1. So which GluC sites (Glu not before Pro) in segment 1-80 end up in coil per DSSP with only 14 or fewer other C-beta atoms within 10 Å?
2. For every helix of n ≥ 4 consecutive DSSP H residues, a contribution of -39,500 (n - 2.57) applies; sum these over the chain, divide by its total residues, and give [θ] at 222 nm rounded to the nearest 500 deg cm²/dmol.
3. Under unit Cβ charges (Lys, Arg +1; Asp, Glu -1), what dipole magnitude, rounded to 20 debye, does the chain have relative to its Cα centre?
4. DSSP loop (so not H, G, I, E, B), at most 10 other Cβ within 10 Å: list which trypsin sites (Lys or Arg not before Pro) in segment 44-107 pass both filters.
5. Hey, what angle do you get for helix 48-60 against the long axis of the chain, alpha-carbon based, 0 to 90 degrees rounded to 10?
Amino acid sequence: MPALLWITEWGLWPSSENWHLYYKVRQTYSDPRLLHEAPGHLFLEHETEDLASFLQVAMLNGWGGYVLTQADYVNAFFSHDEHIDFFAKHEANLTDVREVLGTKFPSGQSRS
């Protein structure tokens, strides 16, 4: 399903940021805008690998933000402090994530 990668934090760890790499990846989409001009990236259903690449670059740069899915199936917040929180309207959707990640957290707890 389509997903939005929305980067909300950057500049916290300047020595970890590779702006050249980020903008080179962004240019592959013919998008010359700066991050502060367009902090969101919409990925369509067939662009899963692209989403993963952008997310990896963001995390390697020490940035934070959100991955927001269509219809709020399961969303994620990734922090510059190196943790990810998953959230969803329906507990069953989080159960699916726990199974994929191999976690055994009880209902109501998140994996950080």
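1. When the GluC sites (Glu not before Pro) of segment 1-80 are filtered for loop state and at most 14 Cβ neighbours within 10 Å, Glu37, Glu45 remain.
2. -9000 deg cm²/dmol
3. The dipole of the chain has a size of about 100 debye.
4. When the trypsin sites (Lys or Arg not before Pro) of segment 44-107 are filtered for loop state and at most 10 Cβ neighbours within 10 Å, Lys104 remain.
5. With both axes taken from Cα atoms, the answer is about 80 degrees.
A short reminder: the numbers here are calculations on the coordinates, not readings from a lab. Values in this document were obtained by computation on a predicted structure and should not be read as measured data. FYI the Cβ positions are ideal-geometry reconstructions off the backbone, even for glycines, and counts take in every protein chain you see.
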